[in-house]
Amino acid sequence: MDAYFATHIIYVAAVFLLAGMVKGATGMGLPTVAMGLLGLVMAPMEAAALLVVPSLLTNGWQVLSGRPLYPLWLRLRGMMAGICLGTLVGGALLLPAQGGSVVLGLALVLYGLLGLGNVAWSVPVRQEPWLAPLMGAATGVLTAATGVFVLPAVPYLQALELDQEELVQAMGLSFTVSTLALAVVLAAHDAWQPAAAGASFLAQLPALAGLLLGQRLRRHLQPQLFRRGLFLVLLLVGAHLVLAGP
């Protein structure tokens, strides 16, 4: 086997193992970490295609391993519809591009600093019917531009003041819908070829291993430590995206 090819495979496997651990511990971070690190060795479109199966599988696991889903779905369905529409519309105009990763990185750094500084906000229940679709649509557009779907979805979900387990499940639901919508966009632009699909299926193995390790870690985290860890992950990944540059 060619040495460069073998090194490339090992690097990709290590990235998905690390990204899976972050997701298992914090409930998020697989696409963000993976896109940031894979972008060092491959084009953003190629990295986004690799993400589809690991992201779909780990997020589906996250959704189904929590409480009954239907009540949460009823509350968040407007946001889910906005994610689908925003991703599809954004996909007609934008694709995961290197410049978009810098913009996303700056947003992640800002949000991580605000969170670590305990700057919090909340969304009154009466505002959810109109705000949820807008947050979903904005998330969808950023998904189409960057291949990452944490903003503004995660800040919005945190503003709903869900408990730790509900928040993890809600993020899993949001990320699952975002992954499916991104897969449709990639397929429409011929970025979901058989080779990419096969590599994506293989990438799920280290991602799942990392997820299980991260979940074991999360059981030992206190809620406040969990929250700070979540913001720290956002800050570090955002700083990496900015420093990596276009």
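For the chain, the dipole from Cβ point charges (+1 on Lys and Arg, -1 on Asp and Glu) about the Cα centre works out to 520 debye, to the nearest 20. As a proxy for reagent exposure, ranking ARG218, ARG77, ARG126 by other Cβ atoms within 10 Å from fewest up yields ARG126, ARG77, ARG218. Matching the structure-derived mean projected area of the Cα convex hull in nm² against the labelled list [x] 21.4; [y] 12.5; [z] 13.3 gives the label [y]. Of SER178, SER65, the sequence from fewest to most neighbouring Cβ atoms within 10 angstrom is SER65, SER178. Say a paramagnetic label sat at a point 7 Å from the Cα of LEU134, along Cα to Cβ; which residues of the range 149-165 have their backbone N under 15 Å from it? Answer for the range 149-165: 152-153, 156-157.
Packing order of peptides 158-164, 48-54, highest average first: 48-54, 158-164 (average count of other Cβ atoms within 10 Å over each peptide's residues). The stretch between ALA239 and MET42 holds 69.0 nm of extra length on full extension. This uses 0.36 nm per residue minus the Cα-Cα distance. In the chain, the longest principal axis of the Cα atoms and the axis of helix 194-218 are about 50 degrees apart. Going 7 Å from the Cα of LEU180 along its beta-carbon direction, which residues of the range 152-171 have the amide nitrogen within less than 16 Å of the resulting point? Only 170-171 fall inside the zone, counting backbone N under 16 Å.
None of the figures in this text is laboratory data; all of them are computed from the coordinates on show. Remember, predicted model here, so these are calculated numbers, not experimental data. Glycine also receives a Cβ, built like all others from the backbone with ideal geometry; neighbour counts cover every protein chain displayed.
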